[in-house]
Amino acid sequence: MKFIKFLIAGIIFGIVMAKSEAISWYRIQEMFRFQAFHMYGIIGVAVVLGVIGVWLIKKYNIRDYHGNPIVFYPKDKSIPRYLIGGTIFGVGWALSGACPGPMVVNIGYGFFAMAIVFLFAIVGTYLYGVLKNYLPH
Amino acid sequence: MLQILQQPWPWYIAGPLIGLTVPALLIIGNKNFGISSSLRHVCAACIPAGIDYFKYEWKKEIWNLLFVLGIIIGGFLATVYLSSGEEIIIHENLRTELKGYGITDFSNALIPSDVVSWNQLFTLKGMLMIVLGGFFVGFGTRYAGGCTSGHSIMGISALSWPSLVATICFMLGGFIAANLLLPIILSL
């Protein structure tokens, strides 16, 4: 039962992603062709709100629901992994027209063929796990 | 009211709600917003096969899988209760470009069924877009240690420079693929 709040957070997030059409193949293609402001608006405003939220949490030492200090997990300080991994991700994002969030929203939306894309994303993750030690990080 | 909710939501409504997911998850459960780590948890839970990257206590990350399950349910609720049934508005230039590649069926709302469908799985074009595309997303996001949610929204919100670098590379890869690779692939 203690996990139900995450389920509810996911439901709200999924509805917002679907209704804002952020899960649409067309919206992603328009973004990468600079044909529409829509996706830039969504991501831009989301980041501004996120920055303010995190800043407030840090400034006022806001604690979580259980009263524990909030923990942030800093990302590795590396260049190659973001340059190579990030670019590969971007190529996949434009080719499939979806990043992981939209993939799963689309499956819920009844667009089951997106499960193919999701399944191969899992295959990609698996192969990364296999090759991790051989890749520059 | 319902009719308003059934229309596509503008960016200035959706953006804040997505941004608020970051402090919401931090406060309700001390969790960092991120979706693609669920791909790793699925591998760790189903096929760890002794690989170091999948040897960790994925059960501690079960909240992330439930969050993703919620996202799927959210998509379902949106289509059942909040769908207007109207055809999606597509930028004229994109529509013209797609018609040039023989993509003319725009009836399936959010995604062209000429591109993402079970039938496309057996064509070279489909293989490159949905099989290789999905593969690159999964491989790339784990290599980069996050996706659009974990880096572009959560990471940048926490003012982490690696996330900014990752986001720039996401966009760069996307520009290259959409403007240089897709025209070739779609003409196949």
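Some points to look at:
- Heavy-atom surface of the stretch B:1-83, accessible at 1.4 Å and reported per residue (Å²): 48
- Per-residue HN-Hα couplings for the stretch A:116-126 [Karplus 6.51, -1.76, 1.60; θ = phi - 60°; Hz; x = Gly/Pro]: 4, 4, 5, 4, 6, 5, 5, 4, x, 4, 5
- Globularity ratio of the stretch B:116-188, using Cα Rg and 2.2 N^0.38 Å: 1.29
- Net +/- balance of residues flanking B:Leu182 in space, Cβ distance below 12 Å, scoring K and R +1, D and E -1: +1
- Tail weight of P(r) past 26 Å, computed on alpha-carbon pairs of the protein assembly as shown, percent: 43
- FRET E, pair B:Thr96, B:Leu121, Förster distance 25 Å, beta-carbon r, rounded to 0.05: 0.40
- Pairs of Cα atoms farther than 22 Å apart, the stretch B:1-83, %: 42
- Summed side-chain charge close to B:Lys55 - residues other than B:Lys55 whose Cβ falls under 14 Å, Lys, Arg +1, Asp, Glu -1: +1
- Heavy-atom accessible area for B:Ser83, with the other protein chains in place and a 1.4 Å probe, reaches approximately 50 Å².
- Comparing A:Met114, A:Ala36, A:Ala46 along the charge dipole axis of the stretch A:1-130, the residue lying farthest to the positive side is A:Ala46, per the Cβ-charge model.
- Across A:Lys132/B:Lys59; A:Lys75/B:Lys31; A:Lys2/B:Lys31; A:Lys132/B:Lys60; A:Lys5/A:Lys58; A:Lys75/B:Lys55, pairs whose alpha-carbon gap is larger than 18 Å: A:Lys132/B:Lys59; A:Lys132/B:Lys60; A:Lys5/A:Lys58; A:Lys75/B:Lys55
- Inter-part distance, the stretch B:133-176 to the stretch A:44-68, computed on C-alpha centroids, equals 21 Å.
- Binning all Cα-Cα separations of chain A at 10 Å, short to long from zero, yields these whole-percent fractions: 10, 28, 36, 25, 2.
- Taking a straight Cα-Cα cut-off under 22 Å and skipping sequence neighbours fewer than 8 places away in the same chain, the lysines within cross-link reach of B:Lys99 are B:Lys125.
The values are calculated or read from the model by the stated rules, or taken from the named source; none is laboratory data. As the structure is a prediction and not an experimental result, all values here were calculated from the model. No Cβ is skipped: glycine too gets one built from the backbone with ideal geometry, and neighbour counts run over all protein chains shown. Side chains included, ligands, DNA and RNA excluded: accessible areas come from the protein's heavy atoms. Shrake-Rupley method; radii C 1.70, N 1.55, O 1.52, S 1.80 Å.
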